[in-house]
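Some notes on the structure that comes next.
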Amino acid sequence: MNATVKKVHNKARRQELRNDDSYIHIMKYMGSKRELLPDIKKAIQQMVPKNSTILDIFAGTASVGAYLKKDYNIISNDIQNYSQIIAKSLIESSSIELTEDIHHTIFMLEKEYLKNKEKLIKLFSKTYDDSNFFVDIKKGEWTDKLREDYLQFTSKFPSPSNKFKTSQKELTLLKDLYFSKDKSTYLQTVFLFSETYFSLEQAMDIDSVRYAIDMVIEDEVLKSVFLSALIYAYSYCSSGTGHFAMFRDLKDLSSIEDTFIYRKKRVWEYFLKKLDQIIEYHQYIPDKTYKTVSYDFSELLNSSEIKDTDLIYADPPYSFVHYSRFYHAIESLVKYDYDIPSFKGRYRSDRHQSPFCQKTNVTDAFRSLFEGAKKNNSHVLLSYSDTGMISLGEITTLLKEIGFKSKVEQIQYDHSTLGRKGHKNNTINEYLIQATLN
Ligand SMILES: C[S@@+](CC[C@H](N)C(=O)[O-])C[C@H]1O[C@@H](n2cnc3c(N)ncnc32)[C@H](O)[C@@H]1O
């Protein structure tokens, strides 16, 4: 299979996107296609006319749908619920005018946020002071003794690793409130992730903003705008590497010092900053239709939700890593259902296992994607990588077998991976495969 080759410089692309009002960044995401947005748009322009309907079937951060929404009708789908929230805030919100008095809403929000936070501080006052003692330690002042004291402090928190057993009075109360699903005070993040990805105070802030959003905002779309701002704050205040597969184990001074840089970040400030940006990004576009859903791709392809689709943009996972394990914490933030976590990583009980991440199922998953597209009379634009679970050759053979003609563009670009020591860049080959129905 012949492919046209194009080089994309990561840095230049990011710079370009900063000046592009069609793009807005919400969270760090493995496999995000933000650097490829102009290439994806160009390919779509070659395949279907303006005002067609595009289904972004593995939407993730909804970056593609949001980028295309001025020119196309968009249906955004992903199995993860947080994706639908982001898509609602960036895409579906364009179906309405934001007439709310946002300043008044923020004023009301702050009142409710403080109400929940004050209750949390009262309930867990001793633990709060102990946690803040460590947050206040300056860079360069950490010692081995302090690190050990901190590890001792964190070991008292109830978690799957100690079968939720704790001898501390306040932490026993925390566990009891969580297990009883008592939501008079919001405390899901305090229970799940304080002293792992967040300080106790950061976790209290996240829960208190989450509480305020539920108390103040009724409209689903407006709620999604505020939740997306909170997802941003969550993603950028977390002391992890951008995903939530496993928190750092703080095995030496350098890792604890680095972790505590993040512990000083202010959730409320990050939240307000992104809220401003999302509101500024918002545009009322009455002549297009937008829809957001959250289904397994094959279920969606067999439903009537997508009957008007002209083109499916498909960006499936391409490694063995399940998104539900990497982003379970964001899913919990959105669902806020006090799910009982398991394993050291405190994963959700409803983790989706994607067939695209499983060697034995990936070929059938592609077959079902292409057959579903054909059944719906839709062209497909597929993003895939040369490090994927199946080869380009296998994909194009499958497409041909099912009745598509394909054209491949190979894009060489700096791909950011989330490694333990932060972002690493390496050049990889990303394919854009235009599959049109014969
Ligand atoms: C490579 S990411 C998409 C990234 C996205 N294009 C972006 O720019 O943010 C793949 C997405 O597929 C979703 N996914 C995995 N299996 C799925 C399935 N069976 N049905 C629907 N979505 C699925 C994951 O949740 C993940 O968000």
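The values are calculated or read from the model by the stated rules, or taken from the named source; none is laboratory data. Keep in mind that this is a model prediction, so the values were computed, not measured. A quick note on method: Cβ atoms are made from the backbone with ideal geometry, for glycine too, and the neighbour counts reach across all protein chains shown.
Which of the following residues is part of a helix (DSSP H, G or I), surrounded by fewer than 20 Cβ atoms within 10 Å (Cβ to Cβ), away from the ligand (no atom under 13 Å from the Cβ) and of a type in the set (D, E, K, R): Glu280, Glu299?
Step by step, each of Glu280, Glu299 is checked, and only Glu280 is part of a helix (DSSP H, G or I), surrounded by fewer than 20 Cβ atoms within 10 Å (Cβ to Cβ), away from the ligand (no atom under 13 Å from the Cβ) and of a type in the set (D, E, K, R).
Looking at (1) closer than 27 Å to Glu141 by Cα; (2) assigned to a helix (DSSP H, G or I), can you tell me which one Lys265 breaks?
Every condition holds for Lys265 apart from (2).
Can you name the residue in the stretch 310-327 that is touching a Cys at 6+ places or on another chain (Cβ under 9 Å) and within 24 Å of Phe198 (Cα to Cα) and is also surrounded by the most Cβ atoms within 10 Å (Cβ to Cβ) among such residues?
Within the stretch 310-327, the match that is surrounded by the most Cβ atoms within 10 Å (Cβ to Cβ) is Tyr323.
Give the stretch 283-296 a look and list any residue that's among the polar types (S, T, N, Q) and within 16 Å of the ligand (Cβ to nearest atom), or say none.
Hits for the stretch 283-296 are Thr292, Ser294.
Return the pair list, or none, for Cβ contacts closer than 8 Å from residues in the stretch 20-32 that are within 17 Å of Ala245 (Cα to Cα) to residues that are aromatic (Phe, Trp, Tyr) and within 11 Å of the ligand (Cβ to nearest atom), at least 6 apart or on different chains.
Between residues of the stretch 20-32 that are within 17 Å of Ala245 (Cα to Cα) and residues that are aromatic (Phe, Trp, Tyr) and within 11 Å of the ligand (Cβ to nearest atom), the close pairs are Tyr29/Tyr327; Met30/Tyr323; Met30/Phe326; Gly31/Tyr318.
Can you find a residue in the stretch 89-106 that is within 16 Å of the ligand (Cβ to nearest atom) and either within 15 Å of the chain's Cα centre (by Cα) or among the charged types (D, E, K, R) (or both)?
yes
Out of the residues in the stretch 111-129 that are crowded, with 16+ Cβ neighbours inside 10 Å and charged (D, E, K, R), which is farthest from Leu174 (Cα to Cα)?
Glu112
Looking only at the stretch 328-379, how many residues end up being charged (D, E, K, R), assigned by TED's automatic domain parsing to the domain that holds Lys28 and either within 13 Å of Phe193 (Cβ to Cβ) or away from the ligand (no atom under 16 Å from the Cβ) (or both)?
Total satisfying the criteria: 2.
Residue-wise test of (1) surrounded by fewer than 20 Cβ atoms within 10 Å (Cβ to Cβ); (2) within 13 Å of the ligand (Cβ to nearest atom).
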{"residue": "Ser32", "(1), (2)": "yes, yes"}
{"residue": "Lys42", "(1), (2)": "yes, no"}
{"residue": "Ser52", "(1), (2)": "yes, no"}
{"residue": "Leu55", "(1), (2)": "no, yes"}
{"residue": "Ala59", "(1), (2)": "no, yes"}
{"residue": "Val64", "(1), (2)": "no, yes"}
{"residue": "Lys69", "(1), (2)": "no, no"}
{"residue": "Asn77", "(1), (2)": "no, yes"}
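Have a look at Leu98, Leu177 and point out the one that is modelled with pLDDT under 95 and either surrounded by 13 or more Cβ atoms within 10 Å (Cβ to Cβ) or in contact with a Leu (Cβ under 7 Å, 6 or more places away or on another chain) (or both).
Of the residues listed, the single one that is modelled with pLDDT under 95 and either surrounded by 13 or more Cβ atoms within 10 Å (Cβ to Cβ) or in contact with a Leu (Cβ under 7 Å, 6 or more places away or on another chain) (or both) is Leu98.
Spot the failing condition for Asp249; the list is (1) in a loop (DSSP other than H, G, I, E, B); (2) buried (at least 20 other Cβ atoms within 10 Å of the Cβ), and only one is missed.
The single condition Asp249 does not satisfy is (2).
Is it the case, given these coordinates, that Lys274 is part of a loop (DSSP other than H, G, I, E, B), away from the ligand (no atom under 16 Å from the Cβ), at pLDDT 95 or above and touching a helix residue (DSSP H, G or I) at 6+ places or on another chain (Cβ under 8 Å)?
Taking the combined requirement at face value, the residue does not satisfy it.
Residues checked against (1) within 30 Å of Tyr295 (Cβ to Cβ); (2) part of a helix (DSSP H, G or I); (3) assigned by TED's automatic domain parsing to the domain that holds Ser22:
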position	(1), (2), (3)
Ser76	yes, no, yes
Ser89	yes, yes, yes
Tyr113	no, yes, no
Asn116	no, yes, no
Ile137	no, no, no
Glu148	no, yes, no
Leu151	no, yes, no
Thr154	no, yes, no
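Taking Leu171 and the conditions (1) touching a residue at least 40 places away in the same chain (Cβ under 8 Å); (2) under 28 Å from the mean Cα position of the chain (by Cα); (3) surrounded by 14 or more Cβ atoms within 10 Å (Cβ to Cβ); (4) more than 21 Å from Lys264 (Cβ to Cβ), which numbered condition does it fall short on, given that it satisfies the others?
The failed condition is (2).
Considering only the stretch 310-327, I want to know if a residue exists there that is more than 15 Å from the ligand (Cβ to nearest atom) and in contact (Cβ under 8 Å) with a residue 60 or more places away in the chain.
Looking through the stretch 310-327, at least one residue is more than 15 Å from the ligand (Cβ to nearest atom) and in contact (Cβ under 8 Å) with a residue 60 or more places away in the chain.
Exactly one of (1) touching a Lys or Arg at 6+ places or on another chain (Cβ under 8 Å); (2) on the phi < 0 side of the Ramachandran plot; (3) within 16 Å of the ligand (Cβ to nearest atom) is unmet by Gly242. Its number?
Result: Gly242 passes all but (2).
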